[in-house]
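Asks: Below: one structure in C-alpha coordinates.
The values are calculated or read from the model by the stated rules, or taken from the named source; none is laboratory data. The model shown is predicted, which means the values in this text are computed figures rather than measured ones. All Cβ positions, glycine included, derive from the backbone under ideal geometry; neighbour counts span all protein chains shown.
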Amino acid sequence: MTTRPRHIAVIDIGKTNAKLALVDLDTHTEIAVVTRPNTVLAGPPWPHFDTEGHWAFILTSLAAFHRDHRVDAISITTHGASIVLLDKDGALAAPILDYEHPIAADIAADYDRLRPAFAQTGSPRLANGLNVGAQLHYQFAQDPALRQRTRHIIGYPQYWGHRLTGCSANDVTSIGCHTDLWNPYAGTFSDLPHRLDITDKIAPVRKSTDILGPILPQIAQQTGLPPQTPVVCGIHDSNASLYPHLLTQDTPFSVVSTGTWVIVMTVGGAHPALDPDRDTLINVNAKGDAVPSARFMGGREFELIQDGGATEATAQDAQEVLDRDMMLLPSVVSDSGPFQGRKMAWKGNEPARGSGPHYVALSYYLALMTQTCLQLTAANGPTIVEGPFAHNPHFLAMLSAATGRTVLKSQSQTGTSVGAALLFGDSKGIVTPTAFTPADNIPDLVAYAYAWQQRVNEGGASK
(Lines give C-alpha, C1' and ligand atoms only; values in the text may rest on other atoms or scores of the structure.)
Protein backbone atom coordinates (compact mmCIF):
# COMPACT_ATOMS: atom_id res chain seq x y z
CA MET A 1 0.00 0.00 0.00
CA THR A 2 1.35 3.42 -0.99
CA THR A 3 2.04 5.76 1.90
CA ARG A 4 0.23 9.08 1.67
CA PRO A 5 2.74 11.92 1.18
CA ARG A 6 2.95 14.33 4.09
CA HIS A 7 5.01 17.33 2.99
CA ILE A 8 3.57 18.83 -0.20
CA ALA A 9 5.50 21.55 -2.01
CA VAL A 10 2.91 23.82 -3.63
CA ILE A 11 3.83 26.02 -6.58
CA ASP A 12 1.36 28.89 -6.23
CA ILE A 13 1.55 31.48 -9.02
CA GLY A 14 -0.78 34.41 -8.36
CA LYS A 15 -1.15 37.47 -10.57
CA THR A 16 0.77 39.63 -8.08
CA ASN A 17 3.24 37.18 -6.52
CA ALA A 18 4.76 33.80 -7.22
CA LYS A 19 5.07 31.59 -4.17
CA LEU A 20 6.33 28.21 -3.08
CA ALA A 21 4.78 26.85 0.11
CA LEU A 22 5.50 23.62 1.95
CA VAL A 23 2.27 22.24 3.41
CA ASP A 24 2.17 19.62 6.15
CA LEU A 25 -0.85 17.45 5.32
CA ASP A 26 -1.03 16.14 8.89
CA THR A 27 -1.62 19.62 10.28
CA HIS A 28 -2.84 21.41 7.11
CA THR A 29 -0.42 24.25 7.77
CA GLU A 30 2.29 25.96 5.79
CA ILE A 31 5.62 25.16 7.41
CA ALA A 32 7.72 27.16 4.94
CA VAL A 33 6.90 29.91 2.45
CA VAL A 34 8.97 31.90 -0.03
CA THR A 35 7.73 34.45 -2.56
CA ARG A 36 8.85 36.62 -5.46
CA PRO A 37 7.04 39.33 -7.43
CA ASN A 38 5.22 38.17 -10.54
CA THR A 39 6.73 40.89 -12.68
CA VAL A 40 5.46 41.14 -16.25
CA LEU A 41 8.23 41.45 -18.82
CA ALA A 42 7.90 43.76 -21.81
CA GLY A 43 7.89 42.34 -25.31
CA PRO A 44 8.75 41.38 -27.86
CA PRO A 45 6.47 39.92 -29.00
CA TRP A 46 4.02 40.99 -26.24
CA PRO A 47 4.05 41.53 -22.45
CA HIS A 48 4.61 38.14 -20.88
CA PHE A 49 5.29 36.31 -17.64
CA ASP A 50 8.81 35.76 -16.37
CA THR A 51 8.74 31.99 -16.69
CA GLU A 52 12.50 31.54 -16.53
CA GLY A 53 12.76 33.69 -13.41
CA HIS A 54 9.95 31.71 -11.80
CA TRP A 55 11.53 28.42 -12.84
CA ALA A 56 14.89 29.27 -11.25
CA PHE A 57 13.03 30.37 -8.10
CA ILE A 58 11.01 27.13 -8.03
CA LEU A 59 14.03 24.85 -8.41
CA THR A 60 16.11 26.71 -5.83
CA SER A 61 13.23 26.73 -3.35
CA LEU A 62 12.39 23.06 -3.88
CA ALA A 63 16.00 22.17 -3.11
CA ALA A 64 15.96 24.31 0.06
CA PHE A 65 12.62 22.88 1.24
CA HIS A 66 13.81 19.33 0.71
CA ARG A 67 17.10 19.99 2.46
CA ASP A 68 15.44 21.64 5.46
CA HIS A 69 12.16 19.73 5.78
CA ARG A 70 11.75 16.99 3.10
CA VAL A 71 9.46 17.19 0.08
CA ASP A 72 7.24 14.18 -0.58
CA ALA A 73 5.13 15.46 -3.48
CA ILE A 74 4.44 18.57 -5.59
CA SER A 75 1.14 20.30 -6.29
CA ILE A 76 0.48 23.33 -8.46
CA THR A 77 -2.05 26.15 -8.45
CA THR A 78 -2.04 29.30 -10.58
CA HIS A 79 -4.23 32.23 -11.51
CA GLY A 80 -6.64 31.62 -14.36
CA ALA A 81 -6.95 33.39 -17.71
CA SER A 82 -3.64 32.04 -19.00
CA ILE A 83 -2.76 29.42 -21.56
CA VAL A 84 0.52 27.93 -22.75
CA LEU A 85 1.57 27.00 -26.28
CA LEU A 86 4.26 24.34 -26.61
CA ASP A 87 6.21 23.44 -29.73
CA LYS A 88 7.16 19.96 -30.95
CA ASP A 89 10.15 19.90 -28.57
CA GLY A 90 8.06 20.81 -25.51
CA ALA A 91 9.48 24.34 -25.31
CA LEU A 92 7.36 27.49 -25.36
CA ALA A 93 6.14 28.18 -28.89
CA ALA A 94 5.63 31.78 -27.74
CA PRO A 95 5.97 33.68 -24.44
CA ILE A 96 2.94 33.36 -22.13
CA LEU A 97 0.84 36.45 -22.80
CA ASP A 98 -0.12 38.68 -19.86
CA TYR A 99 -3.91 38.68 -19.92
CA GLU A 100 -4.03 42.40 -19.05
CA HIS A 101 -2.37 43.33 -22.35
CA PRO A 102 -4.83 45.32 -24.50
CA ILE A 103 -6.10 43.69 -27.67
CA ALA A 104 -6.70 45.93 -30.68
CA ALA A 105 -10.35 46.70 -31.35
CA ASP A 106 -10.43 45.11 -34.82
CA ILE A 107 -8.93 41.85 -33.54
CA ALA A 108 -11.30 41.83 -30.56
CA ALA A 109 -14.29 42.44 -32.84
CA ASP A 110 -13.19 39.59 -35.08
CA TYR A 111 -12.98 37.33 -32.03
CA ASP A 112 -16.46 38.37 -30.92
CA ARG A 113 -17.78 36.86 -34.14
CA LEU A 114 -16.02 33.58 -33.36
CA ARG A 115 -16.81 33.02 -29.68
CA PRO A 116 -19.75 30.85 -28.57
CA ALA A 117 -22.70 32.29 -26.69
CA PHE A 118 -22.66 32.75 -22.91
CA ALA A 119 -25.45 30.15 -22.69
CA GLN A 120 -23.03 27.48 -23.96
CA THR A 121 -19.84 28.40 -22.10
CA GLY A 122 -20.88 30.33 -18.98
CA SER A 123 -18.03 32.70 -19.93
CA PRO A 124 -18.82 36.41 -20.19
CA ARG A 125 -16.90 38.53 -22.68
CA LEU A 126 -14.15 39.99 -20.54
CA ALA A 127 -11.62 42.77 -21.02
CA ASN A 128 -8.31 42.37 -22.84
CA GLY A 129 -7.22 38.71 -22.78
CA LEU A 130 -9.23 37.52 -19.78
CA ASN A 131 -10.95 35.05 -22.11
CA VAL A 132 -8.28 32.54 -23.10
CA GLY A 133 -9.90 32.18 -26.50
CA ALA A 134 -9.31 35.89 -27.10
CA GLN A 135 -5.65 35.46 -26.20
CA LEU A 136 -5.25 32.60 -28.64
CA HIS A 137 -6.99 34.51 -31.44
CA TYR A 138 -4.81 37.57 -30.76
CA GLN A 139 -1.57 35.61 -30.73
CA PHE A 140 -2.42 33.77 -33.94
CA ALA A 141 -3.25 37.11 -35.56
CA GLN A 142 0.05 38.67 -34.41
CA ASP A 143 2.16 35.65 -35.39
CA PRO A 144 0.61 33.79 -38.36
CA ALA A 145 3.14 30.94 -38.05
CA LEU A 146 2.31 30.32 -34.37
CA ARG A 147 -0.65 28.01 -34.91
CA GLN A 148 1.41 25.70 -37.08
CA ARG A 149 4.35 25.91 -34.66
CA THR A 150 2.14 24.89 -31.72
CA ARG A 151 2.01 21.16 -30.95
CA HIS A 152 0.28 21.24 -27.54
CA ILE A 153 -1.96 23.76 -25.77
CA ILE A 154 -1.95 23.34 -21.99
CA GLY A 155 -3.12 25.14 -18.86
CA TYR A 156 -0.87 27.36 -16.78
CA PRO A 157 -0.72 24.97 -13.78
CA GLN A 158 0.15 22.19 -16.20
CA TYR A 159 2.98 24.22 -17.71
CA TRP A 160 4.88 23.88 -14.45
CA GLY A 161 3.82 20.25 -14.25
CA HIS A 162 5.14 19.76 -17.78
CA ARG A 163 8.49 21.24 -16.87
CA LEU A 164 8.68 18.95 -13.86
CA THR A 165 7.44 15.73 -15.49
CA GLY A 166 7.46 16.15 -19.26
CA CYS A 167 3.70 15.34 -19.41
CA SER A 168 1.16 17.56 -21.20
CA ALA A 169 -2.38 18.03 -19.90
CA ASN A 170 -5.11 20.47 -18.91
CA ASP A 171 -7.08 20.40 -15.69
CA VAL A 172 -10.83 20.84 -15.68
CA THR A 173 -10.84 23.87 -13.36
CA SER A 174 -8.44 25.87 -15.53
CA ILE A 175 -10.00 24.98 -18.88
CA GLY A 176 -13.36 25.88 -17.32
CA CYS A 177 -12.20 29.28 -16.04
CA HIS A 178 -13.97 31.72 -18.45
CA THR A 179 -11.85 30.49 -21.33
CA ASP A 180 -14.70 30.22 -23.90
CA LEU A 181 -13.17 26.82 -24.70
CA TRP A 182 -15.34 24.70 -22.36
CA ASN A 183 -19.02 23.84 -21.94
CA PRO A 184 -19.35 23.46 -18.15
CA TYR A 185 -22.85 22.04 -18.36
CA ALA A 186 -21.87 19.19 -20.71
CA GLY A 187 -18.34 18.73 -19.34
CA THR A 188 -16.78 18.88 -22.79
CA PHE A 189 -15.27 21.38 -25.21
CA SER A 190 -17.34 24.22 -26.61
CA ASP A 191 -17.52 25.02 -30.32
CA LEU A 192 -14.55 27.38 -30.08
CA PRO A 193 -11.62 24.95 -30.46
CA HIS A 194 -13.05 23.87 -33.83
CA ARG A 195 -13.55 27.49 -34.90
CA LEU A 196 -9.95 28.33 -33.93
CA ASP A 197 -8.67 25.16 -35.65
CA ILE A 198 -6.93 23.90 -32.52
CA THR A 199 -9.01 20.82 -31.68
CA ASP A 200 -6.08 18.46 -32.24
CA LYS A 201 -3.68 20.65 -30.26
CA ILE A 202 -5.45 20.94 -26.88
CA ALA A 203 -3.93 18.47 -24.44
CA PRO A 204 -6.29 16.03 -22.67
CA VAL A 205 -8.42 17.44 -19.86
CA ARG A 206 -7.79 15.59 -16.61
CA LYS A 207 -9.00 15.76 -13.03
CA SER A 208 -7.09 18.08 -10.74
CA THR A 209 -6.26 15.09 -8.53
CA ASP A 210 -4.71 13.03 -11.33
CA ILE A 211 -0.98 12.38 -11.05
CA LEU A 212 0.91 13.69 -14.08
CA GLY A 213 3.90 11.57 -13.24
CA PRO A 214 7.15 11.55 -11.26
CA ILE A 215 9.68 14.33 -11.66
CA LEU A 216 12.16 14.06 -14.50
CA PRO A 217 15.63 12.67 -13.67
CA GLN A 218 17.28 16.06 -14.26
CA ILE A 219 14.86 17.72 -11.81
CA ALA A 220 15.73 15.13 -9.19
CA GLN A 221 19.40 15.80 -9.79
CA GLN A 222 19.03 19.60 -9.60
CA THR A 223 16.88 19.66 -6.45
CA GLY A 224 17.92 16.55 -4.55
CA LEU A 225 14.31 15.31 -4.49
CA PRO A 226 13.73 11.56 -4.87
CA PRO A 227 13.20 10.57 -8.54
CA GLN A 228 9.80 9.05 -7.71
CA THR A 229 8.41 12.35 -6.30
CA PRO A 230 4.86 12.63 -7.75
CA VAL A 231 3.44 15.77 -9.34
CA VAL A 232 -0.33 16.30 -9.38
CA CYS A 233 -2.17 17.75 -12.40
CA GLY A 234 -2.99 21.02 -10.61
CA ILE A 235 -5.83 23.44 -10.07
CA HIS A 236 -7.00 27.02 -10.69
CA ASP A 237 -6.25 29.08 -7.57
CA SER A 238 -9.82 30.08 -6.70
CA ASN A 239 -10.86 26.46 -6.99
CA ALA A 240 -7.97 25.51 -4.72
CA SER A 241 -9.54 27.80 -2.11
CA LEU A 242 -12.89 26.12 -2.70
CA TYR A 243 -11.62 22.53 -2.58
CA PRO A 244 -11.27 22.04 1.22
CA HIS A 245 -14.85 23.24 1.64
CA LEU A 246 -16.12 20.83 -1.00
CA LEU A 247 -14.65 18.11 1.20
CA THR A 248 -16.07 19.37 4.52
CA GLN A 249 -19.07 21.70 4.17
CA ASP A 250 -22.75 20.90 3.82
CA THR A 251 -24.44 22.77 1.00
CA PRO A 252 -25.50 25.44 0.37
CA PHE A 253 -22.52 27.69 1.08
CA SER A 254 -20.39 30.29 -0.65
CA VAL A 255 -16.65 30.86 -0.67
CA VAL A 256 -15.12 34.30 -1.11
CA SER A 257 -11.55 33.86 -2.36
CA THR A 258 -9.59 37.10 -1.92
CA GLY A 259 -6.37 38.20 -3.54
CA THR A 260 -5.79 40.33 -6.62
CA TRP A 261 -9.27 39.13 -7.56
CA VAL A 262 -12.19 38.63 -5.21
CA ILE A 263 -13.99 35.55 -6.50
CA VAL A 264 -17.38 34.55 -5.11
CA MET A 265 -18.36 30.91 -5.71
CA THR A 266 -21.76 29.61 -4.65
CA VAL A 267 -22.19 25.88 -4.15
CA GLY A 268 -25.48 24.04 -3.82
CA GLY A 269 -27.69 27.09 -4.10
CA ALA A 270 -30.27 28.07 -6.67
CA HIS A 271 -29.44 28.24 -10.37
CA PRO A 272 -29.64 31.98 -11.04
CA ALA A 273 -29.98 33.56 -14.44
CA LEU A 274 -26.50 35.01 -14.59
CA ASP A 275 -25.83 38.35 -16.26
CA PRO A 276 -22.57 38.29 -18.24
CA ASP A 277 -22.43 42.11 -18.26
CA ARG A 278 -21.94 42.05 -14.50
CA ASP A 279 -18.89 39.75 -14.54
CA THR A 280 -20.81 36.69 -13.46
CA LEU A 281 -19.75 33.36 -14.86
CA ILE A 282 -19.73 29.63 -14.39
CA ASN A 283 -16.60 28.17 -12.84
CA VAL A 284 -15.88 24.46 -12.83
CA ASN A 285 -14.81 22.94 -9.53
CA ALA A 286 -12.38 20.11 -8.88
CA LYS A 287 -15.22 17.60 -9.10
CA GLY A 288 -16.12 18.89 -12.56
CA ASP A 289 -19.36 20.58 -11.40
CA ALA A 290 -20.59 23.96 -12.60
CA VAL A 291 -20.37 26.70 -9.92
CA PRO A 292 -22.18 30.06 -10.31
CA SER A 293 -19.55 32.74 -9.65
CA ALA A 294 -19.01 36.48 -9.67
CA ARG A 295 -15.93 38.62 -9.22
CA PHE A 296 -14.17 41.94 -9.12
CA MET A 297 -10.55 43.05 -8.71
CA GLY A 298 -10.83 43.66 -4.98
CA GLY A 299 -7.16 43.21 -4.12
CA ARG A 300 -6.10 45.53 -6.93
CA GLU A 301 -8.71 48.08 -5.82
CA PHE A 302 -7.40 47.88 -2.25
CA GLU A 303 -3.86 48.61 -3.42
CA LEU A 304 -4.94 51.51 -5.62
CA ILE A 305 -7.00 53.26 -2.95
CA GLN A 306 -4.95 52.44 0.14
CA ASP A 307 -1.70 53.32 -1.63
CA GLY A 308 0.49 52.11 1.22
CA GLY A 309 -1.56 53.77 3.97
CA ALA A 310 -2.57 52.38 7.35
CA THR A 311 -4.08 48.90 7.47
CA GLU A 312 -5.30 49.16 11.03
CA ALA A 313 -8.17 51.11 12.48
CA THR A 314 -9.91 51.53 15.82
CA ALA A 315 -13.56 51.16 16.73
CA GLN A 316 -13.66 54.95 16.90
CA ASP A 317 -12.38 55.17 13.31
CA ALA A 318 -15.15 52.80 12.21
CA GLN A 319 -17.81 54.77 14.03
CA GLU A 320 -16.55 57.99 12.46
CA VAL A 321 -17.04 56.49 9.00
CA LEU A 322 -20.61 55.55 9.89
CA ASP A 323 -21.45 58.83 11.62
CA ARG A 324 -19.95 61.09 8.94
CA ASP A 325 -21.27 59.11 5.96
CA MET A 326 -17.84 58.39 4.47
CA MET A 327 -18.64 56.20 1.49
CA LEU A 328 -16.77 54.95 -1.58
CA LEU A 329 -18.95 54.03 -4.58
CA PRO A 330 -17.99 51.75 -7.49
CA SER A 331 -15.93 51.14 -9.37
CA VAL A 332 -12.24 51.62 -8.62
CA VAL A 333 -11.37 49.17 -11.43
CA SER A 334 -14.18 49.70 -13.90
CA ASP A 335 -13.40 47.26 -16.72
CA SER A 336 -14.47 44.24 -14.68
CA GLY A 337 -16.78 43.43 -11.78
CA PRO A 338 -20.52 43.97 -11.23
CA PHE A 339 -20.51 47.71 -12.06
CA GLN A 340 -18.51 47.87 -15.28
CA GLY A 341 -18.18 51.27 -16.86
CA ARG A 342 -18.89 53.09 -13.59
CA LYS A 343 -16.29 55.49 -12.21
CA MET A 344 -15.52 55.52 -8.51
CA ALA A 345 -16.74 58.42 -6.41
CA TRP A 346 -16.61 59.44 -2.77
CA LYS A 347 -19.88 60.49 -1.19
CA GLY A 348 -20.15 62.26 2.13
CA ASN A 349 -16.82 63.22 3.64
CA GLU A 350 -13.80 61.59 2.02
CA PRO A 351 -11.46 60.54 4.84
CA ALA A 352 -7.85 61.64 4.84
CA ARG A 353 -5.66 59.34 2.80
CA GLY A 354 -3.66 56.91 4.91
CA SER A 355 -5.89 57.39 7.95
CA GLY A 356 -7.80 54.76 9.92
CA PRO A 357 -11.19 55.99 8.62
CA HIS A 358 -9.86 55.79 5.06
CA TYR A 359 -8.99 52.11 5.62
CA VAL A 360 -12.41 51.40 7.16
CA ALA A 361 -14.36 53.10 4.35
CA LEU A 362 -12.37 51.12 1.79
CA SER A 363 -13.02 47.89 3.72
CA TYR A 364 -16.76 48.63 3.74
CA TYR A 365 -16.71 49.27 0.00
CA LEU A 366 -14.99 45.94 -0.65
CA ALA A 367 -17.48 44.12 1.59
CA LEU A 368 -20.46 45.68 -0.20
CA MET A 369 -19.01 44.82 -3.61
CA THR A 370 -18.66 41.27 -2.30
CA GLN A 371 -22.26 41.28 -1.09
CA THR A 372 -23.35 42.36 -4.58
CA CYS A 373 -21.50 39.37 -6.03
CA LEU A 374 -23.15 37.05 -3.49
CA GLN A 375 -26.58 38.35 -4.50
CA LEU A 376 -25.83 37.83 -8.19
CA THR A 377 -24.95 34.16 -7.58
CA ALA A 378 -28.08 33.56 -5.44
CA ALA A 379 -25.95 32.78 -2.39
CA ASN A 380 -27.50 31.07 0.61
CA GLY A 381 -26.09 29.59 3.78
CA PRO A 382 -22.77 30.61 5.34
CA THR A 383 -20.16 32.72 3.57
CA ILE A 384 -16.56 31.54 3.97
CA VAL A 385 -13.87 34.19 3.44
CA GLU A 386 -10.44 33.01 2.30
CA GLY A 387 -7.19 34.93 1.90
CA PRO A 388 -6.13 38.41 3.08
CA PHE A 389 -9.63 39.83 3.59
CA ALA A 390 -10.33 37.09 6.16
CA HIS A 391 -8.03 39.05 8.48
CA ASN A 392 -9.79 42.39 8.01
CA PRO A 393 -12.37 42.76 10.81
CA HIS A 394 -14.03 45.78 9.19
CA PHE A 395 -14.59 43.88 5.93
CA LEU A 396 -16.02 40.94 7.88
CA ALA A 397 -18.26 43.13 10.04
CA MET A 398 -19.85 44.83 7.04
CA LEU A 399 -20.20 41.59 5.08
CA SER A 400 -21.93 39.94 8.05
CA ALA A 401 -24.32 42.86 8.52
CA ALA A 402 -25.07 43.34 4.82
CA THR A 403 -25.80 39.67 4.12
CA GLY A 404 -27.56 38.88 7.39
CA ARG A 405 -25.95 35.43 7.22
CA THR A 406 -23.11 33.70 9.04
CA VAL A 407 -19.63 34.71 7.95
CA LEU A 408 -16.81 32.23 8.51
CA LYS A 409 -13.16 33.17 8.26
CA SER A 410 -10.41 30.88 7.13
CA GLN A 411 -7.76 30.14 9.71
CA SER A 412 -4.98 29.79 7.17
CA GLN A 413 -3.08 32.74 5.74
CA THR A 414 -4.17 31.70 2.27
CA GLY A 415 -6.55 29.01 1.15
CA THR A 416 -4.87 28.30 -2.15
CA SER A 417 -1.75 26.46 -0.99
CA VAL A 418 -3.53 24.23 1.52
CA GLY A 419 -6.30 23.55 -0.98
CA ALA A 420 -3.80 22.58 -3.66
CA ALA A 421 -1.94 20.32 -1.21
CA LEU A 422 -5.21 18.54 -0.41
CA LEU A 423 -5.25 17.18 -3.96
CA PHE A 424 -2.94 14.57 -2.40
CA GLY A 425 -5.02 14.15 0.77
CA ASP A 426 -8.52 13.80 2.15
CA SER A 427 -10.83 15.64 4.53
CA LYS A 428 -9.39 14.07 7.67
CA GLY A 429 -8.09 16.70 10.08
CA ILE A 430 -8.99 19.73 7.96
CA VAL A 431 -9.28 22.77 10.20
CA THR A 432 -12.68 24.26 9.51
CA PRO A 433 -13.14 28.02 9.37
CA THR A 434 -14.26 29.88 12.46
CA ALA A 435 -17.39 32.00 12.80
CA PHE A 436 -16.92 35.76 12.83
CA THR A 437 -18.64 37.37 15.81
CA PRO A 438 -20.99 40.07 14.46
CA ALA A 439 -20.25 43.64 15.47
CA ASP A 440 -22.18 45.37 18.24
CA ASN A 441 -23.36 48.16 15.93
CA ILE A 442 -25.24 46.00 13.41
CA PRO A 443 -28.09 48.53 12.91
CA ASP A 444 -25.58 51.23 11.93
CA LEU A 445 -23.81 48.87 9.53
CA VAL A 446 -27.09 47.73 7.98
CA ALA A 447 -28.17 51.34 7.51
CA TYR A 448 -24.84 52.16 5.85
CA ALA A 449 -25.17 49.16 3.53
CA TYR A 450 -28.71 50.22 2.58
CA ALA A 451 -27.58 53.80 1.88
CA TRP A 452 -24.66 52.52 -0.23
CA GLN A 453 -27.00 50.37 -2.30
CA GLN A 454 -29.45 53.24 -2.76
CA ARG A 455 -26.69 55.53 -3.99
CA VAL A 456 -25.41 52.86 -6.35
CA ASN A 457 -28.94 52.42 -7.73
CA GLU A 458 -29.34 56.16 -8.18
CA GLY A 459 -26.18 56.12 -10.27
CA GLY A 460 -27.84 53.75 -12.73
CA ALA A 461 -27.57 50.04 -13.30
CA SER A 462 -24.36 48.58 -14.63
CA LYS A 463 -24.13 48.49 -18.36
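Asks: Under the condition of being touching a residue at least 40 places away in the same chain (Cβ under 8 Å) and in contact with a strand residue (DSSP E or B) (Cβ under 7 Å, 6 or more places away or on another chain), which residue from segment 211-224 is nearest to residue 156 (Cα to Cα)?
Replies: Here is the first cut: in segment 211-224, the residues touching a residue at least 40 places away in the same chain (Cβ under 8 Å) are 212-216, 219, 222-224.
The next check asks that each one be in contact with a strand residue (DSSP E or B) (Cβ under 7 Å, 6 or more places away or on another chain); those that pass are 212-215.
Details: 212: 14, 213: 17, 214: 19, 215: 18 Å.
This residue is 212.
Asks: Here's another thing I want to ask about it. Of all residues in segment 326-346, which are loosely packed, with under 14 Cβ neighbours inside 10 Å and either assigned to a loop (DSSP other than H, G, I, E, B) or at pLDDT below 95 (or both)?
Replies: Of everything in segment 326-346, those that are loosely packed, with under 14 Cβ neighbours inside 10 Å and either assigned to a loop (DSSP other than H, G, I, E, B) or at pLDDT below 95 (or both) turn out to be 341, 343.
Asks: Quickly run through segment 313-325 and pick out the residues that are of a type in the set (Val, Ile, Thr) and buried (at least 16 other Cβ atoms within 10 Å of the Cβ).
Replies: Across segment 313-325, the qualifying residue is only 321.
Asks: Please verify whether residue 385 is crowded, with 17+ Cβ neighbours inside 10 Å, within 23 Å of the chain's Cα centre (by Cα), among the hydrophobic types (A, V, I, L, M, F, W, C) and within 22 Å of residue 339 (Cβ to Cβ), treating the condition exactly as stated.
Replies: yes
Asks: A further question follows. Filter segment 20-55 down to residues that are among the charged types (D, E, K, R), surrounded by 15 or more Cβ atoms within 10 Å (Cβ to Cβ) and in contact with a Gly (Cβ under 8 Å, 6 or more places away or on another chain), then give me how many there are. So that I can check it myself, show each step before the final result.
Replies: Of the residues in segment 20-55, the ones among the charged types (D, E, K, R) are 24, 26, 30, 36, 50, 52.
Retained after the next criterion (residues that are surrounded by 15 or more Cβ atoms within 10 Å (Cβ to Cβ)): 24, 30, 36, 50.
With the extra rule that they be in contact with a Gly (Cβ under 8 Å, 6 or more places away or on another chain), the set shrinks to 36.
Total satisfying the criteria: 1.
Asks: Turning to a different aspect of this structure: Considering only residues of segment 1-35 that are assigned to a strand (DSSP E or B) and hydroxyl-bearing (Ser, Thr, Tyr), which is modelled with the highest pLDDT?
Replies: Applying the first criterion (assigned to a strand (DSSP E or B)) to segment 1-35 yields 7-13, 17-24, 29-35.
Add one more test, that the residue is hydroxyl-bearing (Ser, Thr, Tyr), and what stays is 29, 35.
Values: 29: 89, 35: 98.
Looking at residues that are assigned to a strand (DSSP E or B) and hydroxyl-bearing (Ser, Thr, Tyr), I get 35.
Asks: While we're on this one: Go through segment 426-445 and count every residue that is more than 23 Å from the chain's Cα centre (by Cα) and β-branched (Val, Ile, Thr).
Replies: 2
Asks: Report, by residue number, each residue of segment 65-122 that is closer than 21 Å to residue 291 by Cβ, among the hydrophobic types (A, V, I, L, M, F, W, C) and more than 22 Å from the chain's Cα centre (by Cα).
Replies: The answer is 117, 119.
Asks: If you go through segment 232-248 one residue at a time, how many are in contact (Cβ under 8 Å) with a residue 60 or more places away in the chain and either hydrophobic (A, V, I, L, M, F, W, C) or surrounded by fewer than 24 Cβ atoms within 10 Å (Cβ to Cβ) (or both)? Talk me through it step by step, then tell me what you get.
Replies: Step one: list which residues in segment 232-248 are in contact (Cβ under 8 Å) with a residue 60 or more places away in the chain, which gives 232-245, 247-248.
Cutting the leftovers down to either hydrophobic (A, V, I, L, M, F, W, C) or surrounded by fewer than 24 Cβ atoms within 10 Å (Cβ to Cβ) (or both) gives us 232-233, 235, 240, 242, 247-248.
Qualifying residue count, segment 232-248: 7.
Asks: Still on this structure, I have one more. Which count do you get for residues in segment 417-450 that are part of a helix (DSSP H, G or I) and closer than 30 Å to residue 323 by Cα? Let's see the steps before the verdict.
Replies: Start the filter on segment 417-450 by keeping residues that are part of a helix (DSSP H, G or I), which leaves 417-424, 442-450.
When the remaining residues are screened for being closer than 30 Å to residue 323 by Cα, the result is 442-450.
Selection size over segment 417-450: 9.
Asks: Sticking with this structure for a sec: Please determine, by comparing only the residues of segment 391-416 that are assigned to a loop (DSSP other than H, G, I, E, B) and touching a Ser or Thr at 6+ places or on another chain (Cβ under 9 Å), which one is surrounded by the most Cβ atoms within 10 Å (Cβ to Cβ).
Replies: Taking segment 391-416 as the starting set, the residues that turn out to be assigned to a loop (DSSP other than H, G, I, E, B) are 392, 404-406, 410-414.
Checking the rest, the ones that are also touching a Ser or Thr at 6+ places or on another chain (Cβ under 9 Å) come to 392, 405-406, 410-412, 414.
Numbers: 392: 24, 405: 15, 406: 14, 410: 27, 411: 14, 412: 20, 414: 25.
Restricting to residues being assigned to a loop (DSSP other than H, G, I, E, B) and touching a Ser or Thr at 6+ places or on another chain (Cβ under 9 Å), the top hit is 410.
Asks: Of the residues 72, 106, 68, which is in the same structural domain as residue 47 (by TED's automatic domain parsing), in contact (Cβ under 8 Å) with a residue 60 or more places away in the chain and not β-branched (Val, Ile, Thr)?
Replies: Numbers: 106 fails: in contact (Cβ under 8 Å) with a residue 60 or more places away in the chain; 68 fails: in contact (Cβ under 8 Å) with a residue 60 or more places away in the chain.
Answer to the selection: 72.
Asks: Suppose we filter 145, 141 for residues that are modelled with pLDDT of 95 or more, touching an Asp or Glu at 6+ places or on another chain (Cβ under 8 Å), over 27 Å from residue 75 (Cβ atoms) and not assigned by TED's automatic domain parsing to the domain that holds residue 339; which single one remains? Give the derivation first.
Replies: Details: 145 fails: touching an Asp or Glu at 6+ places or on another chain (Cβ under 8 Å).
Result: 141 is the single residue among 145, 141 that is modelled with pLDDT of 95 or more, touching an Asp or Glu at 6+ places or on another chain (Cβ under 8 Å), over 27 Å from residue 75 (Cβ atoms) and not assigned by TED's automatic domain parsing to the domain that holds residue 339.
Asks: For segment 302-343, enumerate the residues that are aromatic (Phe, Trp, Tyr) and within 14 Å of residue 394 (Cβ to Cβ). Lay out the reasoning, then the answer.
Replies: Applying the first criterion (aromatic (Phe, Trp, Tyr)) to segment 302-343 yields 302, 339.
Matches in segment 302-343: 302 only.
Asks: Sort out which residues of segment 200-248 are closer than 29 Å to residue 384 by Cβ, acidic (Asp, Glu) and at pLDDT 95 or above, and write them in order of number.
Replies: 210
Asks: Could you pull out the residue among 223, 260 that is more than 23 Å from residue 171 (Cα to Cα) and among the β-branched types (Val, Ile, Thr)? Outline the logic, then answer.
Replies: Details: 260 fails: more than 23 Å from residue 171 (Cα to Cα).
Result of the check over 223, 260: 223.
Asks: Specify the residue that is farthest from residue 271 (Cα to Cα); the eligible residues are those in segment 189-209 that are without any contact (Cβ under 8 Å) to a residue 24 or more places away in the chain and assigned to a loop (DSSP other than H, G, I, E, B).
Replies: So in segment 189-209, the residues without any contact (Cβ under 8 Å) to a residue 24 or more places away in the chain come out as 189, 193-194, 199-200.
Then drop every residue that is not assigned to a loop (DSSP other than H, G, I, E, B), which leaves 199-200.
Numbers: 199: 30, 200: 33 Å.
Among them, the one singled out is 200.
Asks: Does residue 251 satisfy the condition of being farther than 20 Å from residue 85 by Cα, buried (at least 18 other Cβ atoms within 10 Å of the Cβ) and not aromatic (Phe, Trp, Tyr)?
Replies: Details: farther than 20 Å from residue 85 by Cα: yes; buried (at least 18 other Cβ atoms within 10 Å of the Cβ): no; not aromatic (Phe, Trp, Tyr): yes.
For residue 251, the condition - farther than 20 Å from residue 85 by Cα, buried (at least 18 other Cβ atoms within 10 Å of the Cβ) and not aromatic (Phe, Trp, Tyr) - is not met.
Asks: Among the residues of segment 367-390, is any in contact with a His (Cβ under 9 Å, 6 or more places away or on another chain) and part of a helix (DSSP H, G or I)?
Replies: Within segment 367-390, one or more residues are in contact with a His (Cβ under 9 Å, 6 or more places away or on another chain) and part of a helix (DSSP H, G or I).
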